[in-house]
Amino acid sequence: MEPRPSTYADVVGLRVCRNYLPDPIPRTEVEAILEAARWTGSSKNTQKWAFVVVDDPAGRQALAGAGSFTRPIRAAALAIAIVWPSDGYEFDIGRVAQNMMLAAAALGIGSCPVTLHDEDIARRVLGVPQGHQCRYAIALGYPDQEAEAAERRERRDSGKAGRKAIEEMTSWGKFGSPH
Ligand SMILES: Cc1cc2nc3c(=O)[nH]c(=O)nc-3n(C[C@H](O)[C@H](O)[C@H](O)COP(=O)(O)O)c2cc1C
């Protein structure tokens, strides 16, 4: 069967965006992204996640203090931090993050996952209770296309862009076996 062209192109074409215009994201659009997140499938449908939307500049700057590569959070219109209980599954968190990013892209909004390396800071800034983790946030904003294109060119020229070949990452039947 032929893949549905637009869905396939959106999945294959999703790239992070770290440069944003100063425009705010309307509440309806934020809710649409959260709705996409809500419908993510999870292990045994446990839905062990919670989202903290950080849209005030002071909150974003404070949250950015929890990581080493948090420029996107500082530059974004808002960040959505993903919180999950300690008995949750990181696999589910990855899925929910990707769904938010794909939904945002469909709305013309750029995004970047950001690691909160210092979880204690993230927990304190967000008021996350004990027994919960918060290791990732998604930075979101309308793309600054020019700045993004320049950064992307730089990454490509320094060999940091693109992906490995399928053959490098795929084996058939047993690990390491080519087809
Ligand atoms: C789990 C995870 C954590 C990431 N953390 C950061 C981060 O802290 N800061 C950042 O700028 N990008 C972060 N990224 C974005 C990656 O650098 C990006 O996905 C990768 O370079 C591929 O980018 P591309 O899809 O635009 O080619 C993270 C991505 C993932 C999946």
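Values as computed for the structure displayed
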| read-out | value |
| --- | --- |
| Of Thr70, Leu21, Ala37, farthest towards positive along the dipole that unit charges on Lys, Arg, Asp, Glu beta carbons give segment 1-73 | Thr70 |
| Lys174, Lys48, ranked by accessible area, largest first (probe 1.4 Å) | Lys174, Lys48 |
| Relative packing of 12-23, 113-124, 152-163, which averages over residues the other C-beta atoms within 10 Å, highest first | 113-124, 12-23, 152-163 |
| Percent carbon-and-sulfur accessible area, segment 15-152, ignoring ligands, DNA and RNA, probe 1.4 Å | 54 percent |
| Extension gain from Asp10 to Trp39, taking 0.36 nm per residue of separation minus the Cα-Cα distance | 8.6 nm |
| Solvent-accessible area per residue, Å², over segment 15-152 with all protein chains present [probe radius 1.4 Å] | 49 Å² |
| Accessible-area ranking of Lys164, Lys44, largest first, probe 1.4 Å | Lys44, Lys164 |
| Spread of Cα-to-Cα distances over 10 Å intervals beginning at zero, given as percent, for the chain | 9, 32, 35, 19, 5, 0 |
| Cα centre as origin, Lys/Arg/Asp/Glu Cβ charges: the chain dipole, Debye | 360 debye |
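The values are calculated or read from the model by the stated rules, or taken from the named source; none is laboratory data. Just so we're clear, the structure is a prediction, and the values are computed from it rather than from any experiment. Neighbour counts run over all protein chains shown; Cβ positions are idealised from the backbone, glycine included. In case anyone asks, the SASA skips ligands and DNA or RNA and just uses the protein heavy atoms, side chains included. Shrake-Rupley method; radii C 1.70, N 1.55, O 1.52, S 1.80 Å.
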